[in-house]
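These notes are about the structure you will find just below.
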Amino acid sequence: MLTLNTIKDMIQYINKEKRSQRTIGFVPTMGYLHSGHRALIDQSKKDNDITIVSIFVNPLQFNQSSDLEQYPRDFERDAAILKKDGVDVVFHPTADEMYPNQPSIEMNVTKRTDVLCGTSRPGHFEGVVMVLTKLFNIVNPDKVYFGSKDAQQVAVVDALIKDLNFNIKLIPVSTIREADGLALSSRNVHLNPYERDEAAHIYQSLLKGQRYIMDNADWKRNEVINITKSYLSEHTTGKIDYVDCLSFPNLNKDIESKHDIIIAVAVYYEKARLIDNLILDSSGAIKYGSE
């Protein structure tokens with residue numbers, strides 16, 4: 001496995017592989033890898049000649065410096081996982097390498113961010129699209145892989161690729177879960193034992209909302225929200241950030257019969273904010289979001 005730390009070296013490597021007409025799959029991460037990331041890598045390896053993983057904790061997408069400082073990091077651990085999984089290249093730049101100067105251009109995301117995580121994390125998705133635009137230009141992949149647990153991010157990346165005409169195919173991959181249903185996340189390490197036990201109910205709340213949709217042809221969006229939120233309130237002590245039901249990927253409140261649907265939740269615990277969702281077809285059947 002090759003480890004590259006500079007943009008220049010990464011571009012030189014990519015140009016060489018492109019001349020050889022090899023297909024490139026790209027998995028952007030912030031490190032502290034878990035089985036969810038490894039599922040993205042596995043899919044990329046199946047689909048492409050070369051798989052590249054970036055590990056970069058992007059400061060632009062954190063609203064609070066304390067959250068940035070607390071984000072778990074262990075590059076040696078991550079590198080060992082990537083090597084075992086047969087990744088071809090890990091791109092591991094520093095913040096100074098990615099942002100040597102204060103950016104002269106700011107990116108403003110005007111749609112798909114005024115709901116869900118976007119309402120409580122102003123500026124977050126602007127930071128996401130800035131770093132992804134840079135990474136997409138550096139790595140120039142054929143396909144890029146994201147976990148559907150971060151469904152709003154998937155929706156924003158979908159818009160980024162389409163609006164800026166990146167010649168990249170977006171591949172969402174189903175959320176990987178623990179045996180009790182808790183979605184894997186790097187932030188789960190911050191849960192205390194009691195929080196960890198009850199966090200399994202987050203997924204169960206989504207299933208309650210899904211069951212209502214499947215059982216009622218004339219289901220109502222507000223009722224999906226109420227059922228999901230009531231279950232969460234009864235079974236968790238965390239602070240509910242939001243519960244919502246929207247069209248996907250446009251993330252609109254007006255859901256037509258032909259639309260895919262997302263039911264999404266976010267819950268604050270003492271040291272972790274957990275998100276989860278289910279993405280459903282118009283009948284309520286899971287499209288992706290659970291595995």
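The values are calculated or read from the model by the stated rules, or taken from the named source; none is laboratory data. Keep in mind that what you see is a predicted model, and the values were worked out from it rather than measured. A quick note on method: Cβ atoms are made from the backbone with ideal geometry, for glycine too, and the neighbour counts reach across all protein chains shown.
Among helices (runs of 4 or more DSSP H) lying entirely in the stretch 1-101, which contain 1 or more residues that are β-branched (Val, Ile, Thr)?
7-19, 35-47, 75-84
Scan the stretch 102-132 residue by residue and report those that are in contact (Cβ under 8 Å) with a residue 24 or more places away in the chain, assigned to a loop (DSSP other than H, G, I, E, B) and among the hydroxyl-bearing types (Ser, Thr, Tyr).
Answer for the stretch 102-132, where residues must be in contact (Cβ under 8 Å) with a residue 24 or more places away in the chain, assigned to a loop (DSSP other than H, G, I, E, B) and among the hydroxyl-bearing types (Ser, Thr, Tyr): just Thr113.
I'm told Gln102 meets every condition in (1) in contact with a helix residue (DSSP H, G or I) (Cβ under 8 Å, 6 or more places away or on another chain); (2) modelled with pLDDT under 95; (3) surrounded by fewer than 16 Cβ atoms within 10 Å (Cβ to Cβ) except one. Can you identify the failing condition by its number?
So Gln102 meets the others, but not (1).
Taking the stated definitions as given, is Lys287 among the basic types (Lys, Arg) and either farther than 27 Å from Ile161 by Cβ or over 18 Å from the mean Cα position of the chain (by Cα) (or both)?
no
Being loosely packed, with under 15 Cβ neighbours inside 10 Å and modelled with pLDDT of 90 or more is the filter here; which residues of the stretch 24-69 pass it?
The answer is Lys46, Asp49.
Is the stretch 123-131 home to any residue that is at pLDDT 90 or above, out of contact with any His (no Cβ under 9 Å at 6 or more places or on another chain), more than 30 Å from Val267 (Cβ to Cβ) and of a type in the set (A, V, I, L, M)?
no
Among the residues of the stretch 209-229, is there at least one that is farther than 22 Å from Arg121 by Cα and of a type in the set (Phe, Trp, Tyr)?
yes
Identify, from the list Ile202, Ile168, Ile161, the residue that is at pLDDT 95 or above, β-branched (Val, Ile, Thr) and more than 30 Å from Lys18 (Cα to Cα).
From the options Ile202, Ile168, Ile161, the qualifying one is Ile202.
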